[in-house]
Structure formats: structure tokens, C-alpha cells
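Structure record follows, encoded as C-alpha cells.
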Protein chains: 2
Amino acid sequence: MALAEAHLATLFNRPGHAIVDHCTYFVASDGDMMEGVSHEACSLAGHLKLGKLIGIYDDNRITIDGTTDLTFSDDTARRFESYGWHVERVADGNDLGALDAALAAARRQTDRPSLVIVRTHIAYGSPHKQDSPEAHGAPLGAEEVKLTKQRLGWPSLEPFHVPEESLEHWRRARDRGARLEAEWRKRHDAYRAAHPDLARELERRLAGRLPEAWDADLPGFAPTDAQATRAASGKVLNALAAKLPELIGGSADLAGSTHVVFKNGGDVAAGSWGARNVHFGVREHAMGAILNGLAVHGGVRPVGSTFLIFSDYMRPPIRLAALCHLPAIFVFTHDSIGLGEDGPTHQPIEQLAGLRAIPNLTVIRPADATEVVEAWRAAVQHQSGPVALVCTRQKVPVIDRARYAPANGLRLGAYVLADAPGGRPAVILMASGSEVELVLGAYETLAAAGIAARAVSMPCMEFFASQPRDYRDAVLPPSVPARLAVEAAAPQPWYRWVADHGVVLGLERFGASAPYQRIYRELGLTVEDVVRKAKELLE
Amino acid sequence: MALAEAHLATLFNRPGHAIVDHCTYFVASDGDMMEGVSHEACSLAGHLKLGKLIGIYDDNRITIDGTTDLTFSDDTARRFESYGWHVERVADGNDLGALDAALAAARRQTDRPSLVIVRTHIAYGSPHKQDSPEAHGAPLGAEEVKLTKQRLGWPSLEPFHVPEESLEHWRRARDRGARLEAEWRKRHDAYRAAHPDLARELERRLAGRLPEAWDADLPGFAPTDAQATRAASGKVLNALAAKLPELIGGSADLAGSTHVVFKNGGDVAAGSWGARNVHFGVREHAMGAILNGLAVHGGVRPVGSTFLIFSDYMRPPIRLAALCHLPAIFVFTHDSIGLGEDGPTHQPIEQLAGLRAIPNLTVIRPADATEVVEAWRAAVQHQSGPVALVCTRQKVPVIDRARYAPANGLRLGAYVLADAPGGRPAVILMASGSEVELVLGAYETLAAAGIAARAVSMPCMEFFASQPRDYRDAVLPPSVPARLAVEAAAPQPWYRWVADHGVVLGLERFGASAPYQRIYRELGLTVEDVVRKAKELLE
């Protein structure tokens, strides 16, 4: 969120018009300080010198299983200093004057983020539970609440009693908020008068509205343009980037490989926050979390990328994006054994199944460069949740759309690419991504042998599952039980579509290191394998 | 691995007999220093004062996308000092004397781990690629290899030429290794003579052999013992622990909740490395990695635990355990919406599907306390890969095994719990874990209405999938198309088993916060829902 602020401030503020100008505060617990993502995110925040980011560390030294002594002895101040942060300390979390002074000092530090380490006491005032793990995971209980109120000199034992003095204090926040809002509106009016175009653009971006003709100039690809879908993705991204300045992001140290590079977009760095290429470093978890922060802040549309295998490192923020309906876009490349020599540590097997199982996450695995165009179009339009675009490392043919169905069928999740004569197939072959080439090849071989096959491209199961039953039955007629699905990945997601008598040609083992064509051959994923399985099915 | 060494040294060494005595070295790159797991693991290693752990940081300041300046400006020495590590520096990685001296100094520091920060140059000696990102992700190429050899004064341009002097130097390692091994064997002989029982036990543990009658005294549970499967798991674990001292481990700050507590096992801490309860802290990723290190070292059988939702934080080490055939045991509790009030952030939906998709990982979700016994028995016996035991937070009934089939069917992955008269069901109801209660309830309701149903408990899909076709067809006869699967999770894994005309009662949305019985009701997972769906299927 602090990065979004710095980015938008650089782009939209003008002399005398600080229209984007706020601090970002976070509160962190002892547990947060132990989690790895705190290292990734705070290291990067220090590197980027995000001076308006201020953390309050609720240092109560209690976790669920006991005191932090059990497992944690970091010198957290020293640790954050190693990241280039400014550190303040408050010895007593109930000393509001000291807390206020520390936060003011933090705000004065504009050249680096600040951490305010506040020594606190969990269940403060509770005679038997203060500073105890029991206060972490369970309520105090009626009796202990009573004793705590008595100890703190609370004026009433009645539940939820709020003293008049407290209420008045809190109610002042209303006036203060109203005043601040009125001030900002005045500032905004002045900004709109002085810079009407900028104001209109900022408003558009904050509202998440797409500009007119945003997708008018997307590239087209011909059958002679065989290329990796990651390469096509880079081209489409840059065509979109020209129309959608809100697209910013980058990669966890794999930009050159994922092709998520905004050409002439500049590199985000301390003092260059208005650039578009974010170098997240080898920090996938933080990348996911930062994409969420950018999306929550608004005014930008975040894109992050890494190899599909490393999506495992960022499942928690992917899930959070889905749960919070955040429109982050993930580009996951090197999506199968097709990456070749890097071998089984780098070859995704279970990742597609794992991602497709997340509610409200849309996973699109385009078959060729033309489907990549449609995939990006769909991703940009899909604003109610995150989208994962899954791309190949290896070159794949561009499907001849004069001969086969157009790629805009992608919006329906699955579509008939090539059909049997009269639309009456004996067998249905379906696939996603690079394996669509295999089912199209098998379709042609079967057709030449007089076998009525249908080839279906299924780039997005979520889109397909959300179509009306009529459409789904038109693509996969219940009357055709002979169905074969092909994907170089764990077969789990396909059983739903092949049904009872169908077969999934997938992978229930880890991959191997070799030139990718050889891995495909050895693991039984070739046109010949598809043809043989299809014939077996028909027998 | 350093923890395993410290643990076994404490248990097995005797005065004059340091039979377990080695340093553990790691090499880390700039990328490793950015990844969050480096924080989690090194923070804990510092806390535990693992003095025989020595890291070599290959500080070449180059990553794939550029120099580390792009994204990384940590003061890594200061950071590791904040964890309580000793830090050495070597200014030139080619200065072998300096490197040797630094490593010797690190070994002398026995009261805390050491990091040796070595400034190196990637592609050292290459005239055009030294200190460049191009040298990170791609080979130098034939011409640059030639130029590099010339620059370094290499005696030959022939590929793979090894100068005699180098070969001799390397071959000395053979003699040194042989001498060290002979010394250790002598030490081992003396140890065996002085402490034959200990020597035999160490040998057994290093070989991974189970002792006789290891599972003779496992607890039994009666229908009156309704309890959460996590609670039953804690009891079984402690019964096993008495016979299997190699079981060690704990939790990522949720031991009280996951019931992975070795009673009277003591807490692992600096100087108390022989204890059995490891407090991993709020560090799931490191927990997974440490379990792998313990397993790779051998002599211990590692157990780790957290809530099922947090398995997302440790997918990379779970996958690595599966890929490396490591016999780690994960206990994942709070396994569904059944955890209730903590709400959707804590309620797993897609985690079961995601874990089941990992090759060579065995996922067992027992239905009741009795299946928990069998689940643990199977987990301990399964040594060719990791096992995840998935348990409830909420209380579940203990199935009356006098009335229904015995729980040892768990070893087959799925088994018929209750059958239709004559073994001729019209409809098959299947489930895992807490939802077995629902299908058993529905079975009884349908039976009372004269509808021939079969109830199948399917605690482990991996075991079931590996059974011969005969057995699978006996449990799920192809002649019975009316099949209903129930699991409070993403339905993806079940389509394989319900087949064409079947239905999966699962969850394709995130959960909700409420008392768990209400969530089950509102999301359509009750006995009545199962009965209704079963009847619909039969119509």
C-alpha cells in the first residue's frame, strides 16, 4: 500500500497539489515477526526507502504455546536496522504520550520506513491472565473479566459499559475525520481546477474503470508465428500497457523469463516510485502480498510473475486475493515438464490442480499465442477476483484459426476447436495449453483414419463450469461417453469432465530432466499416445 | 540436520565416546538470503544456539534479473547478528587461506551458529561475463569458455581437461575420507564395546527399523468416546512415543491445539537438545524444511503440526519431502469449516485437493478415533514418503465397530462401512473424515425407508488408487452409477470416484464464521441434504 501511494504521488501530485499523500500503518505481532514474509516484505520496503510506511510492533512476548522465550530471541530492532529501517521504542504501550511521540518521530523520518517497537502486556489488567498464553487463544471468561474491571477501576461491571468520558473521546474522531475529509475535498477541488485531465485520470484509476478502446490494438498472431505462450504474453502485456497505465508490477527475479517487463516502464527504486517495473527480488510470498496491497490501495492494477512451480511459495497471498476479491493478475510461466532440463524440482505437476481448487481464483492456460490475447483480455476484464495466466516456456504452434474455431471461445472456458462431420463425434479429445497441440494432432490422425473425433480446447475450467448447462452439454454431449483429457499435470481436475468411461492422460509422478520433447515421449504424452488411447476407448 | 546431530549427540554420546559429532554446513546464495524461509530457519537456529551449524554465504551480488542492487540492500551480517549468530567475513572467495581460517574460526564458535560471508564473483575469470547476470541463468558458451580458460592461464583448451596437479589435489580427499572413516569405525567399535545397548539402538534408529511390538499397545476407542480426531491423534501419538523414541517434533505454535505434544518429552532448547518437543514458532515453512533436515539426517522420525489451512505456508518443503521420499509426518488439524468461529481465513477449502495432487504424498483423513489409530499405524509404517494426517477440531462420534466394519480397512484407502442387504446397493455414499458421520446417518435413514444404500469410508485416496482393480470395483462396483461423495472441501478429488452420474457434495466457496453446526447446515452438508441428494440420484 505504501508503494501504491508513492507510485501515485509521483504520477499525480503537482507543485502545490499533494493530492496523494498518506502514511501507511501496520500493526505486527510476535508471530508476524517470526513469519518469513516479514523478512521478504520488510527487506524490500527498506530497499525502496518507503518513508511513509510505519509499523507498530505489538511486542507482548506471548504466543499461543507460551512466552516467546520458547522459540524466539531475535533482536528485532537490530534486524530492522539491517533492512535500513528507522526504529523507535516505546517502553510501555499504555504510555500514550510516548506512543504519540514515537509515531511523530516515525512520520518525520521520510527517507526510510519506521518500526515502532512497543512493549505491551497481553490481557493488561487481568489479575490472573495478564502476560499469559491463555489470554492469546481463549476469552478471559466472565469471572476474570469482572476481576480485570475491578483491578482497572472500571466504573461499571455491566457488560459493554462505555464510560461517558471514553465515548466523548472516541466521538471526537468523527469530527476530526469530517474535518480532514473536508480539507481533502477542498484540496481535490483545487487540483481538479488546476489539472482537470490528471484529476479525471486519477478518478478513473481509483474507480477501476477501463478506458475506451483499451483492447483495440492487441496483437494478432499467424500460424507462422509459433512461439512460447510466455513470449506472446509479454507482447500482449505491452500492447495493453500502452492503454492501461494502471498496470504495474514485475517478477520475483524472473522478469526476463516470464516476459513480464513493461518496456520503457522504468525500474521502481527509491526515488523512482513512478516507474512500472517492480523488482520483487527472490521473494514470491512478499510479491503476492504486495500485489494484494497494491490492489487494496487502488489506482493501480498489479501484475506479478514467476515460474508456476514457485506459485507454491505464494499460496497464502493468492488465497487472500481470492477471498478478498482482489483483481491481481499472476503470470505463471514454465508451466510443465515442457521446461525441460531444469528437472523435477522446477517442473510443476500438482500446481494446476492446487490453483484450480481455490474458490474465486480464475486459472487460464492458453493453448497458443492467439488464446493468450483472449486470456489477457479476459484477465483485464475480470475484476471480482484474481486471475492466474499459465504459460509455457517452450515454443508451441499458433493454431490456424482459418481452419479451426476462433479463440474467443476462451471466454466460455472450453470450446470446440475441430469437430467430427455433422457434429457427431464418437470420441472427444480435450486439453489445455501446450497439450492442445497433441489433441489437435490426434484429431487429424483419427480423422484421416475415418474416426469421428472432436477436439476441445479447455483453457479455463472456472469459466466453463459457470456456463449454462446447455452450453456445457453442447461442448461435452452426455451422449458421448468416450472422452480423453490430456494435460501434462496431475489429472485430478479432469475427472469431472471425462466422466465415467473417460480417461485422463496426465502425470501422477514427478518429472525428469531432459530435453522436453524426450520427457513428453518417455512419460507417454505424444500424439501417438493420444491416438492409441482414443482407439482403446472406442473399443 | 544440525538439530538432529545435537539431539542424537545428547542421547547417545557418553564420556569418552563422541559417537555423534559432526558439523553441518550449508551454502546460501543471494536469492536464499531474500527468501523468507531463511529468516524463519536462521532465527530458530540462533535461538537454539546450534553451534555446529555453519553457513557459507556466496555473496556474488548477482541474481537472474540483474545485480542485487536492483532489489536487495540488507546488511546481512547485522541481520544474522540480530539472530544471535557469529559472523565471519572473507573479502575474496578465491583466497583459500582466508576461507579456511574463517571456517576454522566458525568451528571454534561452539555456542552459536556461524555465517561466513564470502565475497565472490560469478563466472570468475570470464572476460565478458564475470559479475554479470548473464552468467547466472545460461552457460558461458564455447567461445567465452575458451577466453576464460586463456585468461585464467588454464593449461589446455580441451573440454573437461583436468590438470594433473588438480587431480592429485582432489584425489587426496579420498585418502582423507578413508582415514576419517577408519577413525570413526574405531571409535564406533570402542563405543559398541562400552555401550552395546546404546550402539544397537543407534544402529536401529539410523536404519529406520521399527522395534518389535511397536504397535502392540495402541489405545482402543468405544462408541462412548466421542472426541475430535485431533484429540485421539494426541493419544495415539503418545502411545507410539513410548515405543518409538525416534519420534520427535512439535508444532508451529499450535501444539496445544494440534495435540502434537510428547508428554514428559521435554522442550528442545539451547543445551536441552535431547528433548522431544520442538517449538518451531510461528514458522510453518521452516518447520517443513526442518522436518526434512531431520529426516535426511536420520536417527529420528520427524513429526510436525499446524492447522490444515497453514499447510499452504509449507507447500514447498512438503513437495520436497515427497520428491526426496522423506518419511516426515505432518499432522494437520482444524481441517474444515468444522473449526467454526475462526471463519473463512482459517477454514480450509482447497487444501485437501491441493495436497492430494502432490505425487508421493499420502493424505489420510480419518473418520473417527478408531480410524486415527489405523492412520497412525499406516503413517509410521510408510517410510517411502511423507504422510499427512488430517484431523478435525470438532468432536466426532466413534463409529460402533460391532455394528459397522472394522477400521483396519483404512489400509486399503476405502472400505465398505455399512452395506445394503445382500451387498447390492442402489446407491453408494462415500466420504472422508467428519463427513463419514453424515453418510452413515443418511445410510440409516435410507435403510429405514427401504432404500438399499452402501456407506463407504474413504480416508486415503492414494492407498485406494493403489489397490488392484478388483478391490476398487468391489468397493465401488461399476454397475452402481448412483454415487454420492461428501466432503466439506473443494470437490475436485472426488469426481474420479463418483463417476458419470454421481454427485459431489462439497464446497466451491469460502467458509463462514459461526458455530460449526450452523455452517454445515447453511452450506448444505447435513444428513438430510445427503438423503435428499441420494434420492434425487435414484430418481
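The values are calculated or read from the model by the stated rules, or taken from the named source; none is laboratory data. Treat the numbers as computed from the prediction; the structure is a model and nothing was measured. Virtual Cβ from ideal backbone geometry, glycine too; neighbours counted across all protein chains shown. Accessible surface is based on the protein model in full, side chains and every heavy atom, while ligands, DNA and RNA are left aside. Shrake-Rupley method; radii C 1.70, N 1.55, O 1.52, S 1.80 Å.
Listing for the model above:
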{"read-out": "Residues located in the range A:73-106, provided they are within 14 Å of chain B (Cβ to nearest Cβ), within 16 Å of A:Thr120 (Cβ to Cβ) and in contact with a helix residue (DSSP H, G or I) (Cβ under 7 Å, 6 or more places away or on another chain)", "value": "A:Thr76"}
{"read-out": "Qualifying positions in the range A:363-387 - outside any helix (DSSP H, G or I) and either surrounded by fewer than 24 Cβ atoms within 10 Å (Cβ to Cβ) or touching a Ser or Thr at 6+ places or on another chain (Cβ under 6 Å) (or both)", "value": "A:Arg365, A:Pro366, A:Ala367, A:His382, A:Gln383, A:Ser384, A:Gly385, A:Val387"}
{"read-out": "Extreme residue, least open to solvent (accessible area, probe 1.4 Å), among residues of the range B:295-316 that are closer than 20 Å to A:Thr345 by Cβ and in contact with a Leu (Cβ under 7 Å, 6 or more places away or on another chain)", "value": "B:Ser311"}
{"read-out": "A:Phe262 vs. criteria within 11 Å of the chain's Cα centre (by Cα) and either more than 13 Å from chain B (Cβ to nearest Cβ) or of a type outside the set (A, V, I, L, M) (or both)", "value": "no"}
{"read-out": "Residue check for A:Val87: under 19 Å from B:Glu81 (Cα atoms), surrounded by 17 or more Cβ atoms within 10 Å (Cβ to Cβ) and in contact (Cβ under 8 Å) with a residue 24 or more places away in the chain", "value": "yes"}
{"read-out": "Hey, B:Thr120 within 21 Å of B:Met33 (Cα to Cα) and in contact with a Gly (Cβ under 6 Å, 6 or more places away or on another chain) or not", "value": "yes"}
{"read-out": "Residue check for A:Leu320: free of Cβ contacts under 8 Å to residues at least 40 places away in the same chain and of a type in the set (A, V, I, L, M)", "value": "yes"}
{"read-out": "Residue count for the range A:8-22, restricted to those that are out of contact with any Gly (no Cβ under 8 Å at 6 or more places or on another chain), outside any strand (DSSP E or B) and over 18 Å from A:Leu180 (Cα atoms)", "value": "4"}
{"read-out": "Failed item in (1) open to solvent by 10 Å² or more (accessible area, probe 1.4 Å); (2) among the β-branched types (Val, Ile, Thr); (3) under 25 Å from B:His39 (Cβ atoms), with A:Thr71 passing the rest", "value": "(1)"}
{"read-out": "All positions within the range B:265-303 that are within 12 Å of chain A (Cβ to nearest Cβ), within 20 Å of B:Pro386 (Cβ to Cβ), in a loop (DSSP other than H, G, I, E, B) and β-branched (Val, Ile, Thr)", "value": "none"}
{"read-out": "Criterion (within 27 Å of B:Val398 (Cβ to Cβ), at the interface with another protein chain (Cβ under 10 Å from one of its Cβ atoms) and part of a helix (DSSP H, G or I)) met by exactly one of B:Leu339, B:Leu355, B:Leu320", "value": "B:Leu355"}
{"read-out": "Residue count for the range B:207-217, restricted to those that are crowded, with 16+ Cβ neighbours inside 10 Å and within 28 Å of B:Leu44 (Cα to Cα)", "value": "0"}
{"read-out": "Residues that are surrounded by 11 or more Cβ atoms within 10 Å (Cβ to Cβ) and not hydrophobic (A, V, I, L, M, F, W, C), drawn from the range A:182-195", "value": "A:Arg187, A:His188, A:Asp189, A:Tyr191, A:Arg192, A:His195"}
{"read-out": "From A:Leu294, A:Leu237, residue being touching a residue at least 24 places away in the same chain (Cβ under 8 Å) and touching a helix residue (DSSP H, G or I) at 6+ places or on another chain (Cβ under 6 Å)", "value": "A:Leu294"}
{"read-out": "Those residues of the range A:247-259 which are more than 11 Å from chain B (Cβ to nearest Cβ) and open to solvent by less than 10 Å² (accessible area, probe 1.4 Å), in sequence order", "value": "A:Leu247, A:Ile248, A:Gly249"}
{"read-out": "Scope the range A:491-537; condition of a type in the set (Ser, Thr, Tyr), within 13 Å of chain B (Cβ to nearest Cβ) and in a helix (DSSP H, G or I); matching residues", "value": "A:Tyr495"}
{"read-out": "Given (1) more than 14 Å from every other protein chain (Cβ to nearest Cβ); (2) buried (at least 22 other Cβ atoms within 10 Å of the Cβ), number of the condition A:Lys235 does not satisfy", "value": "(2)"}
{"read-out": "Any hit, the range B:479-490, residues being in a loop (DSSP other than H, G, I, E, B) and either aromatic (Phe, Trp, Tyr) or open to solvent by 20 Å² or more (accessible area, probe 1.4 Å) (or both)", "value": "yes"}
{"read-out": "Subset tally (residues that are in a helix (DSSP H, G or I) and surrounded by fewer than 18 Cβ atoms within 10 Å (Cβ to Cβ)) for the range B:23-35", "value": "1"}
{"read-out": "Test: residue in the range B:218-228 that is part of a helix (DSSP H, G or I) and either crowded, with 23+ Cβ neighbours inside 10 Å or touching a strand residue (DSSP E or B) at 6+ places or on another chain (Cβ under 7 Å) (or both)", "value": "no"}
{"read-out": "Sole exception among (1) touching a Ser or Thr at 6+ places or on another chain (Cβ under 8 Å); (2) open to solvent by less than 10 Å² (accessible area, probe 1.4 Å); (3) within 13 Å of chain A (Cβ to nearest Cβ) for B:Gly66, by number", "value": "(1)"}
{"read-out": "Residue list for the range B:435-464, filter: of a type outside the set (Val, Ile, Thr), open to solvent by less than 10 Å² (accessible area, probe 1.4 Å) and within 34 Å of the chain's Cα centre (by Cα)", "value": "B:Glu435, B:Ala455, B:Ser457, B:Met458, B:Pro459, B:Cys460, B:Phe464"}
{"read-out": "Conditions (1) open to solvent by 50 Å² or more (accessible area, probe 1.4 Å); (2) over 27 Å from B:Ser336 (Cα atoms); number of the one not met by B:Gln467", "value": "(1)"}
{"read-out": "Residues (under 28 Å from B:Ala449 (Cβ atoms), part of a loop (DSSP other than H, G, I, E, B) and open to solvent by less than 30 Å² (accessible area, probe 1.4 Å)) located in the range B:405-432", "value": "B:Ala405, B:Ala414, B:Ala420, B:Pro425, B:Ser432"}
{"read-out": "Among (1) buried (at least 18 other Cβ atoms within 10 Å of the Cβ); (2) within 23 Å of the chain's Cα centre (by Cα) - the single one B:Lys52 does not satisfy", "value": "(2)"}
{"read-out": "Single residue of B:Asp368, B:Asp335 found to be modelled with pLDDT of 95 or more, within 17 Å of B:Glu284 (Cβ to Cβ) and touching a helix residue (DSSP H, G or I) at 6+ places or on another chain (Cβ under 9 Å)", "value": "B:Asp335"}
